[in-house]
Ligand SMILES: Nc1ncnc2c1ncn2[C@@H]1O[C@H](COP(=O)(O)OP(=O)(O)OP(=O)(O)O)[C@@H](O)[C@H]1O
Ligand SMILES: [Mg+2]
């Protein structure tokens with residue numbers, strides 16, 4: 001039997017329509033397309049829709065009438081997306097206005113269908129595809145998160161090993177070399193110089209392993225984000241030979257280690273991009289707290305007249321966006337309003 005001919009899995013549909021007659025008609029079409037297997041919950045306005053999401057956490061799909069007593073057009077889509085997070089929405093438009101339908105898809109709906117064209121077979125297919133696409137993308141997001149988390153854990157493990165094992169052993173060797181140098185010097189032996197040099201080499205190796213550990217896991221050494229960012233700024237100045245001032249403003253709320261780690265990596269990628277692509281000679285980092293919210297802004301003085309909307313996202317921008325999403329923050333890549341170049345702004349709302 002082919003996959004297409006398998007019977008559809010039962011789902012929970014939230015049907016949002018303020019017209020009883022339309023709702024009954026759509027209900028009938030759904031049953032005609034998919035049989036009686038699905039669970040249907042109804043809502044007649046945006047407020048009821050939000051309450052339905054609060055009551056049921058197993059809604060698989062929303063069939064949404066665009067014109068409700070308390071919401072209109074793409075605003076309806078946005079409000080339902082806010083209330084239902086990742087639940088796919090199929091918009092049922094009153095007319096066959098393609099433009100309205102496309103605007104809804106741009107606002108985050110999966111698909112649209114004019115009510116006037118509501119045939120069971122088409123509705124069944126649209127529902128099926130919307131649910132399948134949404135499950136696939138949820139599975140992909142989950143996988144991305146796991147990959148990112150496990151690579152983060154791996155970095156932290158290597159950083160700990162570098163610091164605790166290699167670091168301690170090298171420190172022991174440096175102390176021994178110093179004491180050997182002192183003993184040889186006390187006997188007036190010329191090998192004392194070699195022993196001293198050996199000690200210096202080992203000290204250099206210690207400094208290098210500390211720097212490596214810091215790069216792998218910046219927040220173990222600096223347990224607060226502002227300190228880690230300050231170190232990132234001075235590291236940027238040294239490595240890229242740019243000016244990289246760092247400042248804080250307002251009251252900086254404490255954030256947990258994982259959140260701080262994501263914000264740090266966003267700033268790090270923004271600095272690298274500023275130098276690599278913008279040719280910036282100055283990159284300003286600002287961490288600003290306000291009423292429990294936290295914003296990090298990285299502004300460069302790179303190339304003029306770049307249009308961030310035209311950037312072709314590589315791994316860097318994609319991972320940045322992913323990191324912001326995974327901590328519930330918003331991310332803006334925009335023209336620097338205070339000069340040339342680009343500003344990356346990540347805002348974490350108050351928890
Ligand atoms: N600060 C910036 N100034 C100028 N262009 C930028 C800036 N940030 C991003 N871009 C543009 O956006 C594109 C995508 O950036 P992104 O970080 O995603 O990829 P990348 O830096 O090319 O590669 P990587 O995946 O290694 O980060 C860049 O190729 C560049 O054209
Ligand atoms: Mg990059």
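Coordinate-derived values only; no laboratory data. What you are looking at is a predicted structure, and each value in this text was computed from that prediction instead of being measured. As a convention, Cβ positions derive from the backbone with ideal geometry for all residues, glycine included, and neighbour counts pool all protein chains shown.
Miscellaneous remarks
- Gyration tensor verdict on region 148-299 (Cα atoms; rounded if a/c is under 1.5, prolate if a/b is larger than b/c, oblate otherwise): prolate
- Long-range Cα-Cα pairs in the chain (distance over 33 Å), rounded percent: 51
- On Cα atoms only, tilt of 225-240 relative to the major axis of the chain in degrees: 70
- Peptides ranked, highest mean first, by Cβ atoms within 10 Å: ranges 48-61, 334-347: 334-347, 48-61
- Note on 164, 300, 18: ascending count of other Cβ atoms within 10 Å places them as 164, 18, 300, the fewest first.
- Relative to the current alpha-carbon distance between residue 136 and residue 105, full extension at 0.36 nm per residue lengthens the span by 9.4 nm.
- Three-way shape call for region 79-127 based on the alpha-carbon gyration tensor, with the a/c threshold at 1.5: oblate
- Taking other Cβ atoms within 10 Å as a rough exposure proxy, 351, 305 sort from fewest to most as 305, 351.
- For residue 18 and residue 50, a Förster radius of 25 Å and the Cβ-Cβ distance give a FRET efficiency of 0.95, rounded to the nearest 0.05.
- Potential lengthening between residue 224 and residue 293 on full extension [0.36 nm per residue; Cα-Cα distance subtracted]: 23.2 nm
- Spin-label model, residue 28/residue 303: points 7 Å from Cα along the beta carbon direction are separated by 6.0 nm.
- Estimated distance in nm for a label pair at residue 187 and residue 37, the labels positioned 7 Å out from Cα along Cα-to-Cβ: 8.7
- FRET E, pair residue 272, residue 70, Förster distance 51 Å, beta-carbon r, rounded to 0.05: 0.65
- Prolate/oblate/rounded label for region 6-118 (Cα gyration tensor, a/c 1.5): rounded
- Cα centroid separation, region 9-33 to region 49-125: 12 Å.
- Label-point gap, in nm, between residue 151 and residue 129 - each point 7 angstrom along Cα→Cβ: 3.3
- Descending by average beta-carbon neighbour count within 10 Å, the peptides 37-44, 243-250 line up as 37-44, 243-250, the highest first.
- Fully extending the segment from residue 238 to residue 120 would add 35.9 nm, taking 0.36 nm per residue of separation and subtracting the current Cα-Cα distance.
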